[in-house]
Amino acid sequence: MGKTITGFSKLDKIEKINWLTEAYFNGDNRFVKILSQYWNNDQKLQTLHDEFIENTITNFYLPLGIAPNFEIDNKTYAIPMAIEESSVVAAASNAAKFWQSRGGFKTSVISTKKVGQVHLDFNGKSKALLDFFNDIKATILKATSEITKNMESRGGGITAMELRDKTDVLDGYYQIHVNFETMDAMGANFINSCLEQIAKTFKFHFDANDETEGDLEIIMSILSNYVPECIVKAEVSCHVEELSHKNINGSDFAKKFVRAIKIAQNEPYRAVTHNKGIMNGVDAVILATGNDFRAIEAGVHAYASRDGRYRSLSDAKIENGIFTFSIELPLALGTVGGLTKLHPLVKLCLNLLQNPSAKELMSIVAVAGLAQNFAAVKSLVTTGIQEGHMKMHLLNILNQHQASSTEKEIIQAQFKEGNVTHKAVVDAIEKLRQ
């Protein structure tokens, strides 16, 4: 039975751990030992990590892997990926190597528009509110000048602002819809600061105006993580004959691959798993570069549903003997701000990626998603997904059963050619130990 506490946040880290040990682990010091194993010996670095969030008790590690040989827009990358799932890094690496000899990946950033909104209620006449907004629009924008001047000096800032009547979906509901360009920053704090100033200024002038009848209430001011106009496209293409490999006929493979994509575009049950595979690649790079994967996930899945039906994020076609596989993703990313200059591994990963701009990082992330999707669908339409995945998962099974290095070596050799299943591996361990 769990226990409650008042003032937990006021305790120091050791006090927090001591309370948790007594309250939830019956005083078992193994809890403390596990937590302390993940502390950094460099106290300065540990303090930095402790201060990223609240109530920190330790660090939670994810493996950081590298997928090399990515040829993107005639530039070679080794892509860092932070993820716990077996076979993701291997799949991305295999796809990179496959396409490196077939022209590599091509990308284009279509747009970088980001959105924020002031949500408000108004019970008067719509035209009166719209006229009032248009009359003071310049005043509202001027009120944000102290916030926007640094961003404007880098080429960004507020690019458009309009009042939208949304009373058709909710009685009395209006919004000030604002478009932003945030350059190499993801821009969440910048956007939210601008929106709050816009709301404050609008409300102040409305209350001071005796001519506009009706009551106005600001409900909230917040950026949107739905960015359907912050889009990057990535693709690969080659003659269908170039897809031939091992015992696989290129033309047959291309037709089956395209059919698999069409299924994901029309069957939501398949589309969700299909897109999850894409996000294996996307999220891993997002995490490694210190960006917000929850925001990206929310925006991407909304984009996949933009026509009212959840669909595949990728597309494939064969035209005039040319196979093309592509993806379009909404990605609001940053290479400055947030953790990008604070977390040592994030800085290292961005250095590894040759210090990309936000647009370049959009391209890299989209390619990681496309590569992951290609590898998954390629497996599905040829050998099946489990053959490769379970071979990569073999070590996890062995570690679960605390296999020694000698046992690992013997059993890995045993399953080098055969099918890997959890039961088969467990049986092999038991037989070996007997």
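The values are calculated or read from the model by the stated rules, or taken from the named source; none is laboratory data. The structure displayed is predicted, hence computed values, not measured ones. Don't worry about glycine lacking a Cβ; one is built from the backbone with ideal geometry, like all the others, and counts go over all protein chains shown.
The residue list Thr76, Thr4 contains one member that is of a type in the set (S, T, N, Q), in a loop (DSSP other than H, G, I, E, B) and surrounded by fewer than 17 Cβ atoms within 10 Å (Cβ to Cβ), which is Thr4. Within segment 195-208, can one find any residue that is among the hydroxyl-bearing types (Ser, Thr, Tyr) and farther than 30 Å from Val336 by Cβ? Among the residues of segment 195-208, not one is among the hydroxyl-bearing types (Ser, Thr, Tyr) and farther than 30 Å from Val336 by Cβ, which makes the answer no. If the condition is being at positive phi and either in contact with a helix residue (DSSP H, G or I) (Cβ under 9 Å, 6 or more places away or on another chain) or of a type in the set (A, V, I, L, M, F, W, C) (or both), then segment 26-57 contributes Gly27, Asn55.
Are any residues in segment 217-250 farther than 23 Å from Thr324 by Cβ and either surrounded by fewer than 19 Cβ atoms within 10 Å (Cβ to Cβ) or of a type in the set (Phe, Trp, Tyr) (or both), and if so, which ones? Answer for segment 217-250, where residues must be farther than 23 Å from Thr324 by Cβ and either surrounded by fewer than 19 Cβ atoms within 10 Å (Cβ to Cβ) or of a type in the set (Phe, Trp, Tyr) (or both): Glu217, Ile218, Ile219, Met220, Ile222, Ser224, Tyr226, Glu229, Asn247.
Within segment 307-346, the set of residues being surrounded by fewer than 14 Cβ atoms within 10 Å (Cβ to Cβ), assigned to a loop (DSSP other than H, G, I, E, B) and out of contact with any strand residue (DSSP E or B) (no Cβ under 9 Å at 6 or more places or on another chain) comprises Asp307, Gly308, Arg309, Asn320, Lys341.
On inspection, Glu297 qualifies as among the charged types (D, E, K, R) and under 30 Å from Leu45 (Cα atoms).
The single condition from (1) outside any loop (DSSP other than H, G, I, E, B); (2) out of contact with any strand residue (DSSP E or B) (no Cβ under 7 Å at 6 or more places or on another chain); (3) surrounded by 14 or more Cβ atoms within 10 Å (Cβ to Cβ) that Glu22 fails is (3).
Could you say whether any residue in segment 272-282 is closer than 26 Å to Ser251 by Cβ and touching an Asp or Glu at 6+ places or on another chain (Cβ under 7 Å)? No, there is no match, as no residue in segment 272-282 is closer than 26 Å to Ser251 by Cβ and touching an Asp or Glu at 6+ places or on another chain (Cβ under 7 Å).
Only residues that are in contact with a Lys or Arg (Cβ under 8 Å, 6 or more places away or on another chain) and either small (Gly, Ala, Ser) or outside the structural domain of Asn396 (by TED's automatic domain parsing) (or both) were counted across segment 411-434, and they come to 0. Exactly one residue out of Asn29, Asn55 is at pLDDT below 95, exposed (fewer than 14 other Cβ atoms within 10 Å of the Cβ) and not assigned by TED's automatic domain parsing to the domain that holds Asn355, and it is Asn29.
Residues in segment 45-60 that are under 19 Å from Ala82 (Cβ atoms) and assigned to a loop (DSSP other than H, G, I, E, B): Phe52, Ile53, Thr56, Thr58, Asn59, Phe60. Of everything in segment 19-36 that's of a type in the set (S, T, N, Q) and free of Cβ contacts under 8 Å to residues at least 12 places away in the same chain, which residue is farthest from Gly290 (Cα to Cα)? If we take residues in segment 19-36 being of a type in the set (S, T, N, Q) and free of Cβ contacts under 8 Å to residues at least 12 places away in the same chain, then Asn26 is farthest from Gly290 (Cα to Cα). A residue that is assigned to a helix (DSSP H, G or I), at pLDDT 95 or above and out of contact with any helix residue (DSSP H, G or I) (no Cβ under 9 Å at 6 or more places or on another chain) can be found somewhere in segment 274-294. A single member of Ser36, Ser86, Ser93 is modelled with pLDDT under 95 and not in a strand (DSSP E or B), and it is Ser86. When every residue of segment 251-263 is checked against the conditions, at least one turns out to be under 23 Å from the mean Cα position of the chain (by Cα) and either without any contact (Cβ under 8 Å) to a residue 12 or more places away in the chain or crowded, with 16+ Cβ neighbours inside 10 Å (or both). In the condition set (1) surrounded by fewer than 18 Cβ atoms within 10 Å (Cβ to Cβ); (2) under 23 Å from Met362 (Cα atoms), Lys137 is compliant with all but (2).
Residue-wise test of (1) under 32 Å from the mean Cα position of the chain (by Cα); (2) in contact (Cβ under 8 Å) with a residue 12 or more places away in the chain; (3) not assigned by TED's automatic domain parsing to the domain that holds Val367.
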{"site": "Asn209", "(1), (2), (3)": "no, yes, yes"}
{"site": "Glu213", "(1), (2), (3)": "no, yes, yes"}
{"site": "Glu217", "(1), (2), (3)": "no, yes, yes"}
{"site": "Val240", "(1), (2), (3)": "yes, yes, no"}
{"site": "Lys246", "(1), (2), (3)": "no, no, no"}
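When we screen Lys166, Lys246, Lys200, Lys255 for residues that are of a type outside the set (Gly, Ala, Ser), closer than 30 Å to Asn94 by Cβ and at pLDDT 95 or above, the only hit is Lys255. Tell me yes or no: at least one residue of segment 186-197 is in contact (Cβ under 8 Å) with a residue 12 or more places away in the chain, in the same structural domain as Arg154 (by TED's automatic domain parsing) and under 22 Å from Ser126 (Cβ atoms). Yes, some residue in segment 186-197 is in contact (Cβ under 8 Å) with a residue 12 or more places away in the chain, in the same structural domain as Arg154 (by TED's automatic domain parsing) and under 22 Å from Ser126 (Cβ atoms).
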